[in-house]
1. Mind checking which residues of the range 150-174 are in a loop (DSSP other than H, G, I, E, B) and either loosely packed, with under 11 Cβ neighbours inside 10 Å or free of Cβ contacts under 8 Å to residues at least 40 places away in the same chain (or both)?
2. Counting just the residues of the range 45-77 that are small (Gly, Ala, Ser) and surrounded by 13 or more Cβ atoms within 10 Å (Cβ to Cβ), which one comes out farthest from HIS123 (Cα to Cα)?
3. When you go through LYS86, LYS120, LYS99 one by one, which is the residue that is outside any loop (DSSP other than H, G, I, E, B), under 14 Å from the mean Cα position of the chain (by Cα) and of a type in the set (D, E, K, R)?
4. Could you please let me know if PHE28 is farther than 24 Å from TYR172 by Cβ, in contact with a helix residue (DSSP H, G or I) (Cβ under 6 Å, 6 or more places away or on another chain) and not basic (Lys, Arg)?
5. Is one or more of the residues making up the range 132-149 out of contact with any strand residue (DSSP E or B) (no Cβ under 8 Å at 6 or more places or on another chain), assigned to a strand (DSSP E or B) and surrounded by fewer than 19 Cβ atoms within 10 Å (Cβ to Cβ)?
6. When the residues of the range 84-126 are filtered to those that are modelled with pLDDT under 95 and aliphatic (A, V, I, L, M), which remaining residue is farthest from PRO146 (Cα to Cα)?
7. Out of the range 117-139, which residues are closer than 20 Å to ILE72 by Cβ, out of contact with any helix residue (DSSP H, G or I) (no Cβ under 7 Å at 6 or more places or on another chain) and not small (Gly, Ala, Ser)?
Amino acid sequence: MRYVIVSVVNGKAGIFNDNLRKDVFEKFGAKSSKLPAHFTIKAPFEYGGSIRDLEIALEIFSKESSRASYGINNYDHFDQRVVYMKVEMSREGKELHDKLIDTIDSFPYIDSDRKDGKNKIFHVTIASKKVKDIYPELWEYINTKPCSFQCEFNNVSIYKWQENTWLLHKKYEF
């Protein structure tokens, strides 16, 4: 089974991202993930066994953790491949995230790398597929949309790949 672990962006920022992704797809044909607005905790991974031990660990983690704030301000990009909303994680949010990574990395079937470990670039993707050829126009267009939100890092969610889409498996709220 294929899984991904994310923190869903709720509220106005999540709605803004979902709507902007739809808008960008309609205007430019650039696609994004089939997940709701989120920042990634652990990129997709494959595992054929039970993840019940991970579920228990995340449940405990969520009960022992407190919410943390972060901001989403403006846009950035990875080369001309991915365009995203910039996450400015608070010190408390970074500490919460790093504890979460320690918890997840304790499982032998999960291996974090620089893109999804403690030193990741926090971001909320707008477009990540079919971007290169339309990048200048896309970049100019999204920068006409004001982007400034205060958010809460208040959940960790496991999604699994089924029926050609990501379906929510478990959500844990802090």
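1. Selection gives GLU163, ASN164.
2. ALA57
3. Working: LYS120 fails: outside any loop (DSSP other than H, G, I, E, B); LYS99 fails: under 14 Å from the mean Cα position of the chain (by Cα).
Within the list LYS86, LYS120, LYS99, the selection yields LYS86.
4. For PHE28, the condition - farther than 24 Å from TYR172 by Cβ, in contact with a helix residue (DSSP H, G or I) (Cβ under 6 Å, 6 or more places away or on another chain) and not basic (Lys, Arg) - is met.
5. So far as the range 132-149 goes, no, none of its residues is out of contact with any strand residue (DSSP E or B) (no Cβ under 8 Å at 6 or more places or on another chain), assigned to a strand (DSSP E or B) and surrounded by fewer than 19 Cβ atoms within 10 Å (Cβ to Cβ).
6. This residue is ILE110.
7. Hits for the range 117-139 are ASN119, LYS120, ILE121, PHE122, HIS123, THR125, TRP139.
The values are calculated or read from the model by the stated rules, or taken from the named source; none is laboratory data. Just so we're clear, the structure is a prediction, and the values are computed from it rather than from any experiment. Note that we place each Cβ from the backbone using ideal geometry, even for glycine, and neighbour counts take in every protein chain shown.
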